[in-house]
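The values are calculated or read from the model by the stated rules, or taken from the named source; none is laboratory data. As the structure is a prediction and not an experimental result, all values here were calculated from the model. For neighbour counting, all protein chains shown are included, and Cβ atoms are generated from backbone atoms with ideal geometry for every residue, glycine included.
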Amino acid sequence: MANPRTIARLEARIKERAAYCLQFEVNDPRAGFITITQVALSSDLSSGKIHYSVLGDEADRSKAAHMLKGAAGFIQRQVARVLEMKRVPHLSWVYDDSIEKAADLDLLIREARARDKAINPLADDTPPPASPGERAADSDS
């Protein structure tokens with residue numbers, strides 16, 4: 001089991017190098033709208049997952065997934081060149097839909113606030129008052 005700081009350092013280095021590869025070294029137009037959101041390594045450093053998101057619709061996601069599958073070996077080699085390890089973790093690509101979920105949640109909140117405003121036009125847009133526990137925490141600082 002590796003030190004958590006070592007794992008975090010390696011994850012950051014892998015994310016940086018893989019993003020550089022996608023931006024400058026992979027000559028494929030499908031790589032243009034891919035964003036690496038996170039890298040997660042296993043505790044024994046034998047494998048890792050690179051989480052990515054894609055700007056576009058389902059067809060763009062599919063194209064990006066096919067491109068990443070084809071470029072996985074190249075990116076793995078490029079990452080291995082910058083890591084100072086005897087054994088480089090096997091990297092796999094995982095689509096990250098958290099950005100889409102956050103956008104959907106934001107839309108739902110905006111719709112709910114608009115409905116509330118339609119029901120009660122006198123309601124203002126100020127946030128609700130803080131609970132007593134939050135007021136006590138604020139007064140300590």
Notebook entry, point to check: Among 7, 34, which is surrounded by 15 or more Cβ atoms within 10 Å (Cβ to Cβ) and either hydroxyl-bearing (Ser, Thr, Tyr) or touching a helix residue (DSSP H, G or I) at 6+ places or on another chain (Cβ under 7 Å) (or both)?
Noted result: 34
Next item on the list: For residue 28, state whether it is closer than 21 Å to residue 102 by Cα, modelled with pLDDT under 95 and not aliphatic (A, V, I, L, M).
Entry: no
Next item on the list: Determine the pairs where a residue that is on the phi < 0 side of the Ramachandran plot, located within the range 42-60, has a partner that is basic (Lys, Arg) and in a loop (DSSP other than H, G, I, E, B) with Cβ atoms under 9 Å apart, the partner being 6 or more residues away or on another chain.
Entry: 46/87
Note to self: Just the residues that are small (Gly, Ala, Ser) and either assigned to a loop (DSSP other than H, G, I, E, B) or in contact with a Phe, Trp or Tyr (Cβ under 6 Å, 6 or more places away or on another chain) (or both), please, taken from the range 44-91.
What the structure shows: 46, 56
Item checked: Filter result for the condition that a residue is closer than 23 Å to residue 2 by Cβ, exposed (fewer than 12 other Cβ atoms within 10 Å of the Cβ) and either touching a Pro at 6+ places or on another chain (Cβ under 6 Å) or small (Gly, Ala, Ser) (or both), over 47, 43 -> 43
Notebook entry, point to check: What are the residues in the range 1-28 that are outside any helix (DSSP H, G or I) and without any contact (Cβ under 8 Å) to a residue 12 or more places away in the chain, if any?
Noted result: 3, 27
